[in-house]
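Participant: This is the structure I want to talk about, given as structure tokens.
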Amino acid sequence: MTQLSTIDEILHDAGERMGKSVQLFQREIDTVRTGRATPSLLDSVSVDYHGTTMALNQLATITAPEARLLVVQPWDRSAMATIEKEILRSDLGLTPSNDGTVIRLQVPSLTDERRRELVKRVHKLLEDKHVAVRNVRRDSLEHLRRLEKDGGISQDELRRAQDRLQKLTDEQIVHADQLSKKKESELMER
């Protein structure tokens with residue numbers, strides 16, 4: 001029975017690592033700007049606050065009161081200029097408007113060319129995650145083969161474990177593909 005728990009442990013670990021790759025992909029594509037305003041657009045913005053680099057969402061409340069407007073309300077107004085500068089420095093293409101209390105960010109409509117660029121970026125991120133998931137599969141296969149070589153499991157058990165691992169891999173790749181298609185349709189929306 002110990003070999004089954006070892007196989008299960010290897011497959012469980014593979015599933016967790018693949019799942020984390022897909023979750024990271026989800027967070028990465030959430031920061032890709034669509035035509036709509038969403039607070040997650042600013043997740044990639046970091047601000048140097050009193051000598052410490054912090055994520056913008058740790059320094060301010062970020063809301064999307066309208067479809068094309070983001071409002072950033074810093075908890076410390078002395079950080080407004082620094083926040084504005086970092087938003088301008090980011091590759092989001094947003095121009096901040098500061099009224100002394102909040103920073104407003106109008107999210108402009110995307111041009112067709114920019115939409116295509118962003119779709120290519122999503123596809124590149126997707127391919128990177130496919131590679132990451134396949135690397136986890138490769139590592140897990142090596143562990144399973146080593147277990148079989150050491151006499152811990154039979155060839156039949158190895159084959160069944162490989163099938164289960166392949167099924168796990170396929171599920172995670174399909175999930176990442178679905179996330180990508182959803183983001184692509186959001187990007188191409190007018």
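The values are calculated or read from the model by the stated rules, or taken from the named source; none is laboratory data. Predicted, not measured: the structure shown is a model, and the values here were computed from it. Virtual Cβ from ideal backbone geometry, glycine too; neighbours counted across all protein chains shown.
Participant: List the pairs whose first member sits in the range 18-30 and is within 14 Å of Asp177 (Cα to Cα), whose second member is among the basic types (Lys, Arg) and in a helix (DSSP H, G or I), and whose Cβ atoms are under 8 Å apart, counting only residues at least 6 apart or on separate chains?
Facilitator: Met18/Arg137; Ser21/Lys129; Val22/Lys129; Leu24/Lys129; Phe25/Lys129; Ile29/Lys183
Participant: What number of residues within the range 36-54 satisfy the criterion of being among the small types (Gly, Ala, Ser) and closer than 15 Å to Ser90 by Cα?
Facilitator: Taking the range 36-54 as the starting set, the residues that turn out to be among the small types (Gly, Ala, Ser) are 37, 40, 44, 46, 51.
Cutting the leftovers down to closer than 15 Å to Ser90 by Cα gives us 40, 44, 46.
Count: 3.
Participant: Ok, one more. Show the residue pairs that are 6+ apart or on different chains and have beta-carbon atoms under 8 Å apart, the first residue being within the range 154-183 and more than 23 Å from Ile7 (Cβ to Cβ), the second being outside any helix (DSSP H, G or I) and of a type in the set (A, V, I, L, M, F, W, C).
Facilitator: Lys183/Val32
Participant: Checking the structure you have, find out if any residue of the range 40-60 is charged (D, E, K, R), assigned to a helix (DSSP H, G or I) and over 21 Å from the mean Cα position of the chain (by Cα).
Facilitator: No, that holds for no residue.
Participant: Filter the range 48-79 down to the residues that are of a type in the set (Val, Ile, Thr) and within 27 Å of Thr34 (Cα to Cα) and list them by number.
Facilitator: Passing the criteria: Thr53, Thr61, Ile62, Thr63, Val71, Val72.
Participant: Would you mind stating whether Thr82 is in contact with a Phe, Trp or Tyr (Cβ under 9 Å, 6 or more places away or on another chain) and either within 27 Å of Val133 (Cα to Cα) or not assigned by TED's automatic domain parsing to the domain that holds Ala132 (or both)?
Facilitator: So Thr82 fits the description; yes.
Participant: Something else about it: For the range 8-27, does any single residue satisfy the condition of being more than 19 Å from Asn135 (Cα to Cα), crowded, with 16+ Cβ neighbours inside 10 Å and aliphatic (A, V, I, L, M)? Can you show your working first?
Facilitator: Start the filter on the range 8-27 by keeping residues that are more than 19 Å from Asn135 (Cα to Cα), which leaves 27.
Next, only the ones that are crowded, with 16+ Cβ neighbours inside 10 Å stay: none.
No: the range 8-27 contains no residue that is more than 19 Å from Asn135 (Cα to Cα), crowded, with 16+ Cβ neighbours inside 10 Å and aliphatic (A, V, I, L, M).
Participant: Next question, about the same structure. Looking for something in a helix (DSSP H, G or I) and either among the hydroxyl-bearing types (Ser, Thr, Tyr) or touching a helix residue (DSSP H, G or I) at 6+ places or on another chain (Cβ under 6 Å) (or both) - is there at least one such residue anywhere in the range 92-108?
Facilitator: Scanning the range 92-108, I find no residue that is in a helix (DSSP H, G or I) and either among the hydroxyl-bearing types (Ser, Thr, Tyr) or touching a helix residue (DSSP H, G or I) at 6+ places or on another chain (Cβ under 6 Å) (or both), so the answer is no.
Participant: Tell me, please, whether a residue that is assigned by TED's automatic domain parsing to the domain that holds Met54, among the acidic types (Asp, Glu) and loosely packed, with under 12 Cβ neighbours inside 10 Å can be found in the range 144-163.
Facilitator: Within the range 144-163, not a single residue is assigned by TED's automatic domain parsing to the domain that holds Met54, among the acidic types (Asp, Glu) and loosely packed, with under 12 Cβ neighbours inside 10 Å.
Participant: Output the residues belonging to the range 88-114 that are closer than 26 Å to Lys182 by Cβ and at pLDDT 85 or above.
Facilitator: Answer for the range 88-114, where residues must be closer than 26 Å to Lys182 by Cβ and at pLDDT 85 or above: Leu105, Gln106, Asp112, Glu113.
Participant: For the range 55-83, how many residues meet the condition of being within 25 Å of Arg121 (Cβ to Cβ) and not small (Gly, Ala, Ser)?
Facilitator: The number of residues fulfilling the criteria is 8.
Participant: State the number of residues belonging to the range 98-116 that are loosely packed, with under 13 Cβ neighbours inside 10 Å and free of Cβ contacts under 8 Å to residues at least 24 places away in the same chain.
Facilitator: Matching residues across the range 98-116 total 5.
Participant: Which number in (1) touching a Gly at 6+ places or on another chain (Cβ under 8 Å); (2) surrounded by fewer than 13 Cβ atoms within 10 Å (Cβ to Cβ) marks the one condition that Arg33 misses?
Facilitator: Of the numbered conditions (1) touching a Gly at 6+ places or on another chain (Cβ under 8 Å); (2) surrounded by fewer than 13 Cβ atoms within 10 Å (Cβ to Cβ), the odd one out for Arg33 is (2).
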